[in-house]
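The values are calculated or read from the model by the stated rules, or taken from the named source; none is laboratory data. All figures in this text were calculated on a predicted structure; none of them were measured in a lab. Heads up, the Cβs are rebuilt from the backbone with ideal geometry, glycines too, and the neighbour counts pull from every protein chain shown.
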Amino acid sequence: MNETTPLIKCRQLTLGYGSKDLVRDLDYEVNVGDYLCIIGQNGSGKTTFLRGLAGLLSPKSGNIELCEGLKRSEIGFLPQMNVVQKDFPASVEEIVLSAFQGKFRLLPLYGRAQRDRAMECMALTRTESLRKSCFRELSGGQKQRVLLARALCAADRLLLLDEPVTGLDPESTETMYHVIKDLHQQGMTIVMVTHDVEDGLDDATRVLNFDQISVKGK
């Protein structure tokens, strides 16, 4: 399988809210193994597109086709962090494990497999040493990596990231980029919305510019 194998196909895709269309008649493919960065001005439709890929927003017209046997349950989504998330009164381990509530709705308790996977995701995001810490007491960079670990628990093949370094200090930003790069090198397909055009595109294999709806790169 090569990097031009489509994982998601968008055909004549229109997305929006109410009478306002933010994405119009878009034809685009996310390929297996992509590290796709999406750029553009505020209001250009970047987050709307990501929510469509995540299955959180239904197309107004056109369609989003999952290919190569991809299932919604294999897609992880890290949205922009809101005020409520920043102040959530739970341990890091509880936050990460909560990802399985959406995948196994009838699961009364977390089993060994879920706990092992949570530990693996915390190790991948360099947060395993924080697992007993209270989430609300962490730094901004630590919180974002914990939420990334949570998204990873839901992501088997595709990870969607909406501005994952916004508000982080330079050191935390660099750490986050290293973690995302490592995940991509281990086989995860990445789609990331970013405003950081100086450093955020360094490891991208493709760039989608929503100001121009054009594709640059491989």
### Query
What is the number of the single condition among (1) modelled with pLDDT of 95 or more; (2) part of a strand (DSSP E or B); (3) under 18 Å from the mean Cα position of the chain (by Cα) that G76 does not meet?
(1)
### Query
In this structure, does L36 turn out to be more than 20 Å from the chain's Cα centre (by Cα) and buried (at least 18 other Cβ atoms within 10 Å of the Cβ)?
no
### Query
Of all residues in the stretch 1-33, how many are part of a strand (DSSP E or B), polar (S, T, N, Q) and surrounded by fewer than 14 Cβ atoms within 10 Å (Cβ to Cβ)?
1
### Message
Here's a check for you: in the stretch 90-148, which residue that is over 18 Å from V179 (Cβ atoms) and among the basic types (K, R) is modelled with the lowest pLDDT?
### Response
R105
### Summary
Counted residues in the stretch 34-58 being more than 20 Å from T205 (Cβ to Cβ) and either of a type outside the set (K, R) or modelled with pLDDT under 95 (or both) come to 13
### Task
For the stretch 59-71, state whether one or more residues are part of a helix (DSSP H, G or I), modelled with pLDDT under 95 and closer than 26 Å to T5 by Cα.
no
### Task
Collect the residues in the stretch 151-170 that are under 16 Å from E198 (Cβ atoms) and of a type in the set (D, E), keeping them in residue-number order.
E163, D169
#### Entry: Per-region count, the stretch 54-77, residues within 22 Å of D196 (Cα to Cα) and either surrounded by fewer than 17 Cβ atoms within 10 Å (Cβ to Cβ) or touching a Cys at 6+ places or on another chain (Cβ under 8 Å) (or both)
1
### Query
Do we have L50 as surrounded by fewer than 17 Cβ atoms within 10 Å (Cβ to Cβ), among the hydrophobic types (A, V, I, L, M, F, W, C) and touching a residue at least 12 places away in the same chain (Cβ under 8 Å) here?
no
### Summary
By residue number, the members of the stretch 120-173 that are under 25 Å from Q41 (Cβ atoms) and among the acidic types (D, E) are D162, E163, D169
